[in-house]
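Below: one structure, written as structure tokens.
The values are calculated or read from the model by the stated rules, or taken from the named source; none is laboratory data. None of these values were measured; they are calculated from a predicted model. Methodologically, a virtual Cβ is constructed for each residue, glycine included, from the backbone with ideal geometry; neighbour enumeration extends over all protein chains shown. The protein model used for the area step is the full one, side chains on, heavy atoms only, and it has no ligands, DNA or RNA in it. Shrake-Rupley method; radii C 1.70, N 1.55, O 1.52, S 1.80 Å.
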Amino acid sequence: MEQVESLREFYERKFNWIPENLSKDWGHFNVFQLDPYIGSGAKPVPYRRRDFYKITLVKGSGTIYYANKIVKVKENAICFSNPLVPYQWDSIEKISTGYFCIFNQDFFQQYGNFSAYALYQPTGTQVIELSDVGYEQFQVLFERMLAEINSEYIHKYDMLRNLALEMMHTALKLEPANSSRYTPGNANQKIAMLFLELLERQFPIEGAQNKIKLKTPSDFANQLAVHVNHLNRAVKETTMKTTSQLIADRISQEAKLILAQGEWTITEIADALGFNEISYFNQFFKKHVGLSPVKYRKNISHEKH
């Protein structure tokens, strides 16, 4: 597993150049057509967390490995990536066209708290399937972004903020249940969101020598300086799942992602995920996934080939 990718590292990896205006003090925004970076010669997107936000519009099929889910895109989709949730695109050769824009938190200073939207919450919907008409609706917004960023208009970055926000709100309207369910509003919701943020910060695990430090509800409660019963109530009320269930889901998802990469031994994975004995890890994984770690890895290997 690699460390969090910065905007500078993203530009070096993707384009082999760095924009002159790349400055955290100013905030950063850029928009691109996806076409040069897809197809048979496309480089794979590494599984890692980034320190910036990204909105991607795709036409075609592919698979996205997010931190807490695997999403198969069948035809068209708009995808929202954020610094808390690592992800990886697979089968990008099946994507025919699209667009993406990238920006950091500083770009929206004094322009509202967009990061509180459900699209950017760990429990929110990061991928929204689109009809052809829906794809065209977002395509228009991306084309306007491309025209604006290449213009000489002195206030073009204000226009780009507006277009990015319009894109977010258009997507939120397509997922009304999710857009209101996880928006922080009271003390319990804020505690639950802090818990989810702490949970996500432990992943991806950057090396077999690393271990997750927070594994039980009590561990998280101590870190948040709240009673464990208070944490459990807040999480259950906000997410409709128990604290233990969310922790187990996240650990099992990380285990699946590491197993799929095939670089670590089962013992290394068990140790990194906080299991003192490999037998405990085997029992945990089989309970939550339905297969042993070895069987799961074999199945994934067969699917890839």
Would you pick out the residues in the range 124-138 that are surrounded by 18 or more Cβ atoms within 10 Å (Cβ to Cβ) and among the polar types (S, T, N, Q)? Thr125, Gln126
Those residues of the range 223-237 which are in a helix (DSSP H, G or I) and more than 11 Å from Phe195 (Cα to Cα), in sequence order: Val228, Asn229, His230, Arg233, Lys236, Glu237
For Gly290, state whether it is buried (at least 17 other Cβ atoms within 10 Å of the Cβ), over 19 Å from Val85 (Cβ atoms) and at pLDDT below 95. no
Name every residue in the range 121-170 that is free of Cβ contacts under 8 Å to residues at least 24 places away in the same chain and not in a helix (DSSP H, G or I), in order of residue number. Asn150, Ser151, Glu152, Tyr153, Ile154, His155
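Yes/no per residue for (1) in contact with a His (Cβ under 8 Å, 6 or more places away or on another chain); (2) on the phi < 0 side of the Ramachandran plot; (3) open to solvent by less than 10 Å² (accessible area, probe 1.4 Å); (4) in contact (Cβ under 8 Å) with a residue 40 or more places away in the chain:
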| residue | (1), (2), (3), (4) |
| --- | --- |
| Glu197 | no, yes, no, yes |
| Lys211 | no, yes, no, yes |
| Pro217 | no, yes, no, no |
| Asn229 | no, yes, no, no |
| Asn232 | no, yes, no, no |
| Glu268 | no, yes, no, yes |
| Gly274 | no, no, no, yes |
| Lys295 | no, yes, no, no |
| Ser301 | no, yes, no, no |
Identify the residue in the range 59-96 that is small (Gly, Ala, Ser) and under 15 Å from Tyr135 (Cβ atoms) and, among all such residues, is modelled with the lowest pLDDT. Gly62
Being free of Cβ contacts under 8 Å to residues at least 12 places away in the same chain and aliphatic (A, V, I, L, M) is the filter here; which residues of the range 276-293 pass it? Leu291
When the range 238-255 is checked residue by residue, the ones that are open to solvent by 40 Å² or more (accessible area, probe 1.4 Å), in a helix (DSSP H, G or I) and either at pLDDT 95 or above or among the aliphatic types (A, V, I, L, M) (or both) are Ser244
Here's a check for you: in the range 43-58, which residue that is of a type in the set (Lys, Arg) and surrounded by fewer than 19 Cβ atoms within 10 Å (Cβ to Cβ) is modelled with the highest pLDDT? Lys54
Qualifying positions in the range 137-156 - among the β-branched types (Val, Ile, Thr) and farther than 13 Å from Thr170 by Cβ: Ile149, Ile154
Might you let me know whether the range 103-117 holds any residue that is over 19 Å from Met145 (Cβ atoms), hydroxyl-bearing (Ser, Thr, Tyr) and at pLDDT below 85? yes
